[in-house]
């Protein structure tokens, strides 16, 4: 076999074709990215066009109603605030505690490995299964009924893996030398964690907490499963009251045949997306500010 | 491995520091706190046991009244009608139809997007594009459901007039875009992890960028891509709100995506919306269907985990 010369016309032609194919493929890859972005834009424009006319003050002050003109999100907004408060109160301390244990105290044994595998598996369990857990355990088992407390407890279990994983990453990023210096000065493990590890890990932990809470605000399926789709036309007074939340009210309005309710649903989606996007933006800003300030 | 190393070392330093403490009162507080943190960590185990216990308890009650063979092989699912039949296959059929369609969208697009981000994009472009894809992944599923029912379905109707008001196709398409960021992000991690030296070797042999990407980098990252695929399928099977809003409530054995179908998750929602008495057979069915769903997704997640661990190419 003779060696092909780079001036061989057949080789040059083939090379040209290979390069053309390469440019075509790059465009194809770029098109895939743009298709995703285009889809996002279409969705946003569609929701804004549908929902903007319905975004009125009554939307915040009125209860749900059979009449679209009088229908609002008052009970849904209250429910969402209650739900997030309960979810955060439960998921943040427990999730953070678990992360501290796994990073600072756990020995490398089979129990630790079991807990770790468990957490990564829980992150992959469909959210509706958590709803069935909440239905069996909290609504029926603890007899909490279809209350916002049962919903918050269910949601806390659902977002716990997110809190744990983010907190562990933040804690792990604090260098060992910080701890050694603290111990060398006579601090106990808890004093070290409390005064040296947690302050440095806090921005990362907060980012994870915000992302977990934005997940909890948008989740619908587990709350429907525990039976939260109810007509709530009164102010939420306590954790044992029945409740509704923003995404459930949106789901309810989408399911109705009248066009006016679809407009209301779109307005509800606008509010939901504004809340979520500002939460996510805060998380991203927090992450960037943190990355700039601390360099080990 | 880096992580486990630090983990043990940190724990070891803690233990030494603790044993050096003299004052018993301080040590007691330290031990109590350590115990509290341990209890926090066991909540995750309790959650898993809770899920299995609740599902198992109700599923056993269900199978006391319905034969497991009928459940797994029957082709009619009518628990809410007068003549009750409990063959789960129509729900499985609907679930796989929607999930399959979603993968047809998410896999090629996600993989191409991942190749673009990992091989072609400049670091600056990547910094702009990745947060946008993250936003796409962070939109609540009820919003995607709205979009599927009220934007995509009318478009499908103008293309194919026989499209039903609720159909599998609109749910599939929208779900595909929902899981696209997940496929893209996990695949991109796998592609970026392929060492630069492999690319350089291929370039030195005269390959074009396309040949390097498709014949060297993608094959080297195949286990990561397979793991992403499995996680995406598991996500698609468990997805609820899009199908509950847009795909309908008619369990049937069909492969026609323009028809109304029902998935396992949509059935659980349908029953939850009604006022089902606690000890009724209908109430037990959602746990039996939930158990099947849980097992299906668990198998996918574990397989994905094993593939990443077992088949990861180790370089150097």
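The values are calculated or read from the model by the stated rules, or taken from the named source; none is laboratory data. This one's a predicted model, so the numbers in the text were calculated from it and none came from an experiment. Note that each Cβ is placed from the backbone with ideal geometry, even for glycine, and that neighbours are counted across all protein chains shown.
Before we move on, is residue A:97 over 30 Å from residue B:293 (Cβ atoms) and at pLDDT 90 or above?
Spelling it out, residue A:97 is indeed over 30 Å from residue B:293 (Cβ atoms) and at pLDDT 90 or above.
Which condition from (1) under 30 Å from residue A:132 (Cβ atoms); (2) surrounded by fewer than 18 Cβ atoms within 10 Å (Cβ to Cβ) is the one that residue B:203 breaks?
Condition (1) is where residue B:203 drops out.
Looking at A:77, A:40, A:96, A:90, can you tell me which residue is assigned to a helix (DSSP H, G or I) and not assigned by TED's automatic domain parsing to the domain that holds residue A:179? Working first, answer last.
Numbers: A:77 fails: not assigned by TED's automatic domain parsing to the domain that holds residue A:179; A:96 fails: not assigned by TED's automatic domain parsing to the domain that holds residue A:179; A:90 fails: not assigned by TED's automatic domain parsing to the domain that holds residue A:179.
Answer to the selection: A:40.
For the range B:211-255, what are the residues that are surrounded by fewer than 22 Cβ atoms within 10 Å (Cβ to Cβ) and over 30 Å from residue B:309 (Cα atoms)?
Correct list: B:249, B:250, B:252, B:253, B:254, B:255.
Would you mind stating whether residue B:114 is in contact (Cβ under 8 Å) with a residue 24 or more places away in the chain and either at the interface with chain A (Cβ under 10 Å from one of its Cβ atoms) or under 17 Å from residue B:187 (Cβ atoms) (or both)?
yes
Of all residues in the range A:99-113 being in a helix (DSSP H, G or I) and facing chain B (nearest Cβ under 7 Å), which is surrounded by the most Cβ atoms within 10 Å (Cβ to Cβ)?
A:100
Take residue B:163 and tell me if it is more than 8 Å from chain A (Cβ to nearest Cβ) and not in a helix (DSSP H, G or I).
Numbers: more than 8 Å from chain A (Cβ to nearest Cβ): yes; not in a helix (DSSP H, G or I): yes.
The answer is yes for residue B:163.
Condition check ((1) part of a helix (DSSP H, G or I); (2) facing chain B (nearest Cβ under 9 Å)) across all residues:
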{"position": "A:211", "(1), (2)": "yes, yes"}
{"position": "A:233", "(1), (2)": "no, no"}
{"position": "A:244", "(1), (2)": "no, no"}
{"position": "A:260", "(1), (2)": "yes, no"}
{"position": "A:266", "(1), (2)": "yes, yes"}
{"position": "A:269", "(1), (2)": "yes, yes"}
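Just one of B:180, B:149, B:198 is under 25 Å from residue A:20 (Cα atoms) and modelled with pLDDT of 90 or more; which is it?
Working: B:180 fails: under 25 Å from residue A:20 (Cα atoms); B:149 fails: under 25 Å from residue A:20 (Cα atoms).
After applying the criteria, what remains is B:198.
Check A:52, A:59, A:35 and return the single one that is part of a helix (DSSP H, G or I) and within 10 Å of chain B (Cβ to nearest Cβ).
A:35
Quick test for you: out of A:178, A:160, A:155, pick the one residue that is surrounded by fewer than 17 Cβ atoms within 10 Å (Cβ to Cβ), part of a helix (DSSP H, G or I) and either in contact with a helix residue (DSSP H, G or I) (Cβ under 7 Å, 6 or more places away or on another chain) or not assigned by TED's automatic domain parsing to the domain that holds residue A:220 (or both).
Going through A:178, A:160, A:155 in turn, just one is surrounded by fewer than 17 Cβ atoms within 10 Å (Cβ to Cβ), part of a helix (DSSP H, G or I) and either in contact with a helix residue (DSSP H, G or I) (Cβ under 7 Å, 6 or more places away or on another chain) or not assigned by TED's automatic domain parsing to the domain that holds residue A:220 (or both): A:178.
May I ask you to verify whether residue B:141 is closer than 25 Å to residue A:28 by Cβ and within 12 Å of chain A (Cβ to nearest Cβ)?
Taking the combined requirement at face value, the residue does not satisfy it.
Looking at the range B:271-293, is at least one residue surrounded by fewer than 23 Cβ atoms within 10 Å (Cβ to Cβ), under 19 Å from the mean Cα position of the chain (by Cα) and either assigned by TED's automatic domain parsing to the domain that holds residue B:60 or outside any loop (DSSP other than H, G, I, E, B) (or both)?
yes
Can we say residue A:45 is in a helix (DSSP H, G or I), out of contact with any strand residue (DSSP E or B) (no Cβ under 6 Å at 6 or more places or on another chain) and loosely packed, with under 12 Cβ neighbours inside 10 Å?
In short, yes.
Here's a check for you: in the range A:182-194, which residue that is more than 7 Å from every other protein chain (Cβ to nearest Cβ), touching a helix residue (DSSP H, G or I) at 6+ places or on another chain (Cβ under 8 Å) and part of a helix (DSSP H, G or I) is nearest to residue A:128 (Cα to Cα)?
By that ranking, first place goes to A:193.
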